[in-house]
1. First check a/c for the range 180-261, with a ≥ b ≥ c the square roots of the eigenvalues of its C-alpha gyration tensor; if it is under 1.5, answer rounded, and if not, answer prolate when a/b is larger than b/c or oblate otherwise.
2. Taking only Cα atoms, what is the 0 to 90° angle, nearest 10, from helix 6-16's long axis to the longest principal axis of the chain?
3. Report the convex hull volume per residue for the chain, counting only C-alpha atoms, in Å³.
4. Please report how far the C-alpha centroid of the range 95-124 lies from that of the range 291-342, rounded to the nearest whole angstrom.
5. I'd like the Kirkwood hydrodynamic radius of the range 22-167, using the inverse of the mean 1/r over distinct C-alpha pairs, in Å.
6. For the chain, what % of the accessible area comes from carbon and sulfur atoms, probe 1.4 Å?
7. Would you tally the net charge around LEU51, using a Cβ to Cβ cut-off of less than 14 Å, leaving LEU51 out, and scoring K and R as +1, D and E as -1?
8. Take the Cβ-Cβ distance between ALA103 and LYS150 as r, set R0 to 22 Å, and report the resulting FRET efficiency rounded to the nearest 0.05.
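The values are calculated or read from the model by the stated rules, or taken from the named source; none is laboratory data. Keep in mind that what you see is a predicted model, and the values were worked out from it rather than measured. Glycine gets a Cβ as well: all are built from the backbone with ideal geometry, and neighbour counts include every protein chain shown. The accessibility values were calculated without ligands, DNA or RNA, using every heavy atom of the protein model including side chains. Shrake-Rupley method; radii C 1.70, N 1.55, O 1.52, S 1.80 Å.
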Amino acid sequence: MRTTRIGAVAAAAGVVLALTSCGGGGLTNSGSGGGGGDNKGDIILGMATPLSGSSAAIGPYMKNGAQLAVNEINDKGGVLGRKLKLVVEDEACDPKTAAAAAAKLVTEGTKVSVGGYCSSATLPTLSIFGKANIPMIIPAANSNDLLKGKNKNVFLLNGTGAQQAEAAVKFMEKSGAKNVALVDDNTSYSKDITTRTAQDLQGNATVKVATQQSVTAGESDYSAAVTAIMRVNPDFVYWTGYYQEGGLIIKQLRAAGYKGKFMVADGSVDQQLVSIAGQPNAQGVYATMTQTPQTIPGGEAWIAKYKAAFNSDPGPYSTQSYDAVRVAAEAIKNAGSTDGDKVITALQNIDGFKIFSGNLKFTPEHTLTEGGFDILVVKGDQFVLNK
């Protein structure tokens, strides 16, 4: 992630803890619902996040991170003299559930979407929010498939699958890997990373892809994939799916006698992975990951504020969700309106707004110009920066 932006993050952490007021003049646009502007009542920010299903542990982190930003902004007068209101619906990391959640958020008057965790579940929401002309600031989902439609309203606040694959390959080279097994769950997010990692390794002088395996999410027995992996005797395994299956695959590979290095992608960075794999099996497991609250230099004050508000520790994507709300508020303030087109233009024009990952400026593809992936490693039951 932030190997080239640590200084910017340290500076951003101080700024984040002293948010500037988003108050301002009144609105001139009128209308209601969807991406149209209005000039009365709360400004609704919609969030679809997993509150059920195998990734349900992530939902509260995202919801609370976003709510913390809403609370802070409202305490300083809101945006354009109006309060923000966060409305949360369950996406369950399931495309049908996510589509229903997006449709509900549209009917509830969402002006900006600040959710999206699982890429496969976020994909069908693009057309729903797009038709309603609702800007999407996506804090977590990061498959490059989200960018294929070149949707004017879609902005990614997380590093992309291409950036994650690049970081993975660099670490494989640095760690001395020779034969790598790439394993995904065949979802958009996971398959995107393994495909791009394999492409980046084509012609590599030292690191070769020994095998690529796809498993079915939600199963409990991955012996077929484990047998196939063990057959090619890799010294490095990269799992790009989520923590539920990742924990089981680590456990089953270790039980089969695998002694090499293991790395997971950002969807598996959660304490649940350690619990499922078993702490002894998870020790030394690496991860490609954007910032977590615990790995941000100077982030202790923000963690304390989160704990004071919610009586729990923050986790993955809480800071990105916090920033998604702040970016939404900044764009609405700069637009002087909640009108979708005006907010989209304001998002495109943001330049230097400080978020945890650095100074925000979107590329023409609506991805981050600053930011990337760090390498974390499991020590005890925690993912910490690999130093």
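1. oblate
2. 40
3. On the way: hull volume 45.4 nm³, N = 387.
With only Cα atoms used, the chain gives 117 Å³ per residue.
4. 19
5. Working: mean 1/r = 0.0644 Å⁻¹.
Mean inverse Cα-Cα distance, inverted, gives 15.5 Å.
6. Heavy-atom surface of the chain belonging to carbon and sulfur, 1.4 Å probe: 49 percent.
7. Values: positive: LYS63, LYS104; negative: GLU89, ASP90, GLU91, ASP94.
Net charge around LEU51: -2.
8. Efficiency, rounded to the nearest 0.05: 0.45.
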